[in-house]
Amino acid sequence: MTEERFRLGRLDHVHIRVPDRAEAAAWYAEHLGFERVEEFAFWAEGFEGGPLQISADGGQTTLALFEAGPHGPMIEQKTGVAFSVDAGMFMAFARALPGEFRSPGGDRLQPADLIDFDLCWAYDFADPWGNVYELNTYEYDRVKTELVEADGLGPVRYWPLEVREAYVARHAGEGT
C-alpha cells in the first residue's frame, strides 16, 4: 500500500494590509460583493491587530484585512496566502515534520511550530524562495485531541486564551 502524498487543500484566505479595515470592508462590499464573516469576528474584535475576515462566497474563501499602522498587526505580517485542509491531512503534515519545509525564519519547521488561533490550527512555512504561506484546519477539536494532546504539543499562541474566553462571554446569547 502506498502512503498518500501530502497535498495542499483549497485556498482559504489571502492576507491584505489596509490603512483602515472598516473602510476597506465597505469598499469590498460595495464594489465586489464581500460581506463580513461573523464566525471569525473574534479575530477582528477580540484583540488589537486581528484580521477582519470578509467573503464573497459565504466564508469559503476570505480576505483577511489587517490594519497596517503603529498598532497592528500584533506580529509583522509576512504571509499572504493561506490554504485549508481537513484534519487528517493537517495531522499527516504535522507528523511528517521536520522535513523539507522551513519556518518563515529559515529553521526547519517542527511539529511544535503549531499555531493555536482558537478557531483553527495553523502552520506558517516558507518555500525555498522565501515566500511564506499558512496551512490551516478548522477541525479544531479533532486536532486538539488527536494531535496536540496525543503528541504532547505546546502550540504557539499569538494572544492569551483569556482574550477568546472574554470575547465569547461578552457575546453570549447574541443571535439566539
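Taking the C-alpha atoms of the chain, how large are the radius of gyration and the largest Cα-Cα span, Dmax, in Å?
Here Rg and the maximum Cα pair distance are 16.7, 54 Å.
Return the calculated 222 nm mean residue ellipticity for the chain, to the nearest 500 deg cm²/dmol, obtained by summing -39500 (n - 2.57) across DSSP H runs with n ≥ 4 and dividing by the residue count. Can you show the working numbers first?
Details: 5 runs with 40 residues, N = 176.
Counting only the DSSP helices, I get -6000 deg cm²/dmol.
Need one number: % antiparallel among DSSP beta bridges in the chain, to the nearest 5.
Working: 21 of 33 bridges.
Close to 65 percent.
For residue 20, what charge total do you get from the other residues with a beta carbon under 15 Å from its beta carbon, if Lys and Arg give +1 and Asp and Glu give -1? Working shown, then result.
Numbers: positive: 17, 21, 36; negative: 23, 30, 48, 67.
Taking every Cβ under 15 Å from that of residue 20, the sum is -1.
Identify which of 121, 43, 159 has the largest mean-square fluctuation in a Gaussian network model of the chain, with springs joining Cα atoms closer than 10 Å.
Top of the fluctuation ranking is 159.
Is the stretch 99-176 rounded, prolate or oblate when judged by the Cα gyration tensor, a ≥ b ≥ c being the square roots of its eigenvalues, rounded requiring a/c under 1.5 and prolate requiring a/b larger than b/c? Each step should come with its number before you reach the end.
On the way: a/c = 2.58, a/b = 1.93, b/c = 1.34.
Note, shape of the stretch 99-176 comes out prolate.
Can you give the net charge of the other residues whose Cβ lies under 12 Å from the Cβ of residue 139, counting K and R as +1 and D and E as -1? Walk me through the numbers on the way to the answer.
On the way: positive: 142, 144; negative: 86, 141, 146.
Around residue 139, the charge tally is -1.
Values quoted throughout were computed directly from the atomic coordinates according to the rules given, and no laboratory measurement underlies them. If you're wondering where the values come from, they're calculated on a predicted model, not measured in any experiment. With ideal geometry, Cβ positions are generated from the backbone for all residues, glycine too; neighbour counts draw on all protein chains shown.
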